[in-house]
Structures are given as structure tokens and as C-alpha cells.
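Peer 1: Have a look at this one before I ask anything.
The values are calculated or read from the model by the stated rules, or taken from the named source; none is laboratory data. Remember, predicted model here, so these are calculated numbers, not experimental data. Here the Cβ is made from the backbone with ideal geometry for all residues, glycine too, and neighbour counts use every protein chain on show.
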Amino acid sequence: MKEVIGLITANYGTNDMQRLSDERSIASMPFGGRYRLIDFSLSNMINSGITAVGLITPYKFRSLLDHIGTGSAWMLDRKKGGLYILPGTTYGMSDKSDRFLLCDMRQNDVYFHRTNAEYVLVTSANIVCNMDYTPLIEAHTESGADITMVTKIAERSNKYIKKVSVEDGRVTGVKAGVERGELAFLDSFIIRRELLIQFMEWYSVKEYMDIFDILRKDYKRMDIRTWNFDGYVREIFSVRDYYNTNMELLDMDINGTLFNEQMPIRTKVQDCVPAHVYPEAKVKNSLISSGCLIRGEVENSILFRGVTIEKGAVIRDSIIMQSSVIKSGAIVKNAVIDRNNLIGSDMVIKGSDEDIYVMLKEQRKAKKMG
């Protein structure tokens with residue numbers, strides 16, 4: 001894949017995360033007990049043989065950079081290629097949910113000039129999937145298209161996902177908001193590097209727009225095609241998306257599709273003791289991460305590293321993030337508990353299927369694990 005470089009955009013956000021992304025970007029949202037959302041995009045790149053990856057960072061970049069470090073977990077700490085940290089711009093007049101701002105690319109144009117790669121594969125950082133980009137790259141090079149967009153028939157409506165209109169095999173329009181059954185853009189596309197550089201020059205006066213909004217009047221003049229992905233994929237834009245996608249990991253078929261030995265999803269390694277489930281504990285259909293101490297009842301839930309569930313505590317249909325402590329007699333149901341929280345004895349926290357309760361991160365010192 002020497003002819004392809006990768007670009008992951010993380011400089012965006014939404015208003016539907018109920019402040020879970022106040023101090024972190026969507027890209028660095030914890031996921032599935034031990035991962036971050038960025039892990040999927042990075043892993044898909046390296047698993048597809050792409051060894052040079054640029055990451056456009058968000059304004060709130062601390063937790064993201066702390067997680068990815070030098071990129072060693074994804075084998076991107078190398079002399080040739082590797083991981084390139086590219087600073088994102090401020091939002092300016094743009095919609096902060098735009099994923100492919102031309103100004104972000106123009107600000108980092110040196111990344112595109114200092115390479116001989118023929119193509120750039122671009123993706124966002126909030127996609128949960130295990131995707132081999134090789135067939136996409138092959139389809140694009142064989143077709144001779146200007147751009148090839150990754151698409152899938154939408155399984156549900158979403159105002160943040162773009163609808164793609166196609167006639168005679170070519171894209172004729174892209175607009176925000178997709179309904180179930182329509183063709184959805186999965187925020188990944190491949191483009192010839194020289195053409196992307198030309199875009200930066202041609203549309204410089206519109207640089208604070210998403211690249212696909214800029215092209216709105218030019219779809220008929222350009223050869224833009226689609227490549228359909230049939231596998232499991234979810235995009236995280238809201239608390240509901242986040243909660244549902246985490247909970248789908250309790251389905252072993254979905255879990256096995258996302259996490260497999262042939263295409264591993266890599267993440268930052270943290271040395272931690274194994275989870276300890278005491279004899280009096282009751283655990284059913286849950287993901288329990290390392291470092292957890294379980295004496296109470298846990299059902300249909302996901303526990304991140306170092307969570308303590310005391311005897312008599314009950315956790316159902318919930319996500320409990322790292323280093324949180326649930327004291328004896330407490331009840332947590334239909335909730336997302338951010339990291340470092342302490343739920344006191346006999347405290348009751350209940351959301352509903354329609355309205356998930358969110359408890360924000362507690363700024364206390366995390367307890368040591370191991």
C-alpha cells in the first residue's frame with residue numbers, strides 16, 4: 001500500500017453527547033470496556049496495509065494524544081511513514097459537525113506534498129467497524145473515478161449522516177440527513193492525491209466548508225462513485241448512538257464480527273490485574289474488564305477497567321467507565337457513568353429505554369489498579 005496514505009479527521013463534534021465530550025473529543029470516547037473510538041479507524045488503516053496515517057486533531061486534543069502516543073500500539077512508530085499529528089483549525093463559520101473541512105487539509109498541506117503516494121484514503125474518527133480497505137482501493141483504481149465514497153443502506157434515520165444520490169453508477173448529490181433504506185455515506189472515501197491538492201487551490205475561498213458541500217455544484221462534472229460495505233458499522237454522534245452501540249457488543253455475533261484475530265482492533269495497552277468476581281457476585285451477559293472487583297450484581301452491562309461493585313449493589317443495562325466505585329446497596333439502571341465516579345450507598349440512579357441517564361466524569365484522583 002505504498003501508493004496510499006491515510007488521513008483521519010477528528011476535528012468535529014455534536015451537541016447530542018450530553019456533555020460527555022466536554023473535556024474529550026468524540027474520537028477519544030471510551031468504548032467497549034477497553035477501547036477508544038479512534039482505535040477502529042487506526043486499526044482499519046494498518047490492517048489494510050496503510051503505514052502512513054495523518055491524524056487531524058480536535059481543539060480538545062489532550063485525551064486523544066495521551067491515548068495514541070507515538071502510535072506504537074498500531075505499529076505506526078516507524079522511520080518511514082508512521083503517524084503524523086496534524087493540528088486542526090478552529091471551526092470559524094462552519095458547522096462543527098462537518099467531518100471533512102477543507103481548511104483542516106489546507107492547514108496541513110505539507111502532509112500531502114511530502115509523499116509520492118498516488119492516493120489518499122480519508123475517514124472520520126467515530127466509526128465503529130472492522131473494515132478492510134483493500135477492495136475499496138482496488139475498485140477505485142480500476143474504475144478511474146475521481147472519488148470513491150464508502151456507502152451502505154441505512155438501517156436507521158440519522159440527521160448527522162449524509163444521504164448519497166446515485167444515477168447510472170455515479171454520485172449526483174450528497175446532503176445531510178438520511179432515512180432508513182436510503183444510501184448512507186459512511187464518512188470514508190479515497191481520492192487521488194494530486195486532485196485533493198487541486199481542490200485546496202480551486203476552492204480556497206470556501207475552505208471553511210465540508211469538502212462534499214463545496215462540490216455540490218460539481219457532481220455532474222466529476223466522476224464520483226460508491227463502494228458498498230456490507231459489514232457491521234455504526235457511527236457515534238449522540239448518547240443514544242453511544243449507548244446502543246456499546247450494548248450491541250453483548251451480542252456475541254456482533255462482538256465476533258468486530259473483534260477477530262485476522263483483523264485485530266488495536267488499542268493502548270494498560271498493565272492491569274485480572275478482574276476478580278467474588279463467589280457472592282452475580283454476573284450475567286456483561287463485559288467485565290481487567291482490574292474490576294465484583295461483589296454485587298451486574299446484568300446486561302459493560303464495565304471498564306478498575307470498576308468496583310460492592311456487595312449488595314445492582315447494575316443493569318448500564319455502562320460504568322474506568323475507576324468508578326458503586327457502593328453497597330446502590331442501584332444503577334439504564335445509565336452511562338463516566339470515569340472516577342463514586343455512587344454512594346443506597347443511591348438509586350435510573351434512566352429509561354428512551355432517556356439514558358448520564359453522570360459526568362468526577363474530577364477526583366483515580367484509584368491505583370494492580
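Peer 1: Say whether the condition of being touching a strand residue (DSSP E or B) at 6+ places or on another chain (Cβ under 8 Å) and β-branched (Val, Ile, Thr) is met by at least one residue in segment 25-45.
Peer 2: For segment 25-45, residues touching a strand residue (DSSP E or B) at 6+ places or on another chain (Cβ under 8 Å) and β-branched (Val, Ile, Thr): present.
Peer 1: Tyr111 passes all but one of (1) hydroxyl-bearing (Ser, Thr, Tyr); (2) outside any helix (DSSP H, G or I); (3) buried (at least 17 other Cβ atoms within 10 Å of the Cβ); which number fails?
Peer 2: (2)
Peer 1: Next up: Enumerate the strands (runs of 3 or more DSSP E) found wholly within segment 282-347, keeping only those where 3 or more residues are buried (at least 19 other Cβ atoms within 10 Å of the Cβ), among the aliphatic types (A, V, I, L, M) and assigned by TED's automatic domain parsing to the domain that holds Ser21.
Peer 2: Hits in segment 282-347: none.
Peer 1: Let me ask something additional. Report whether or not Arg234 is in a helix (DSSP H, G or I) and touching a strand residue (DSSP E or B) at 6+ places or on another chain (Cβ under 9 Å).
Peer 2: no
Peer 1: Here's a follow-up. Test Ser352 against the stated conditions and say whether it is in a loop (DSSP other than H, G, I, E, B), under 21 Å from Gly32 (Cβ atoms) and under 27 Å from the mean Cα position of the chain (by Cα).
Peer 2: No, not satisfied.
Peer 1: Filter segment 309-323 for residues that are among the charged types (D, E, K, R) and within 26 Å of the chain's Cα centre (by Cα) and give the result.
Peer 2: Arg316, Asp317
Peer 1: Condition first: of a type outside the set (A, V, I, L, M), buried (at least 17 other Cβ atoms within 10 Å of the Cβ) and over 15 Å from Thr267 (Cβ atoms). Can you find one or more residues in segment 40-53 that meet it?
Peer 2: Scanning segment 40-53, I find at least one residue that is of a type outside the set (A, V, I, L, M), buried (at least 17 other Cβ atoms within 10 Å of the Cβ) and over 15 Å from Thr267 (Cβ atoms), so the answer is yes.
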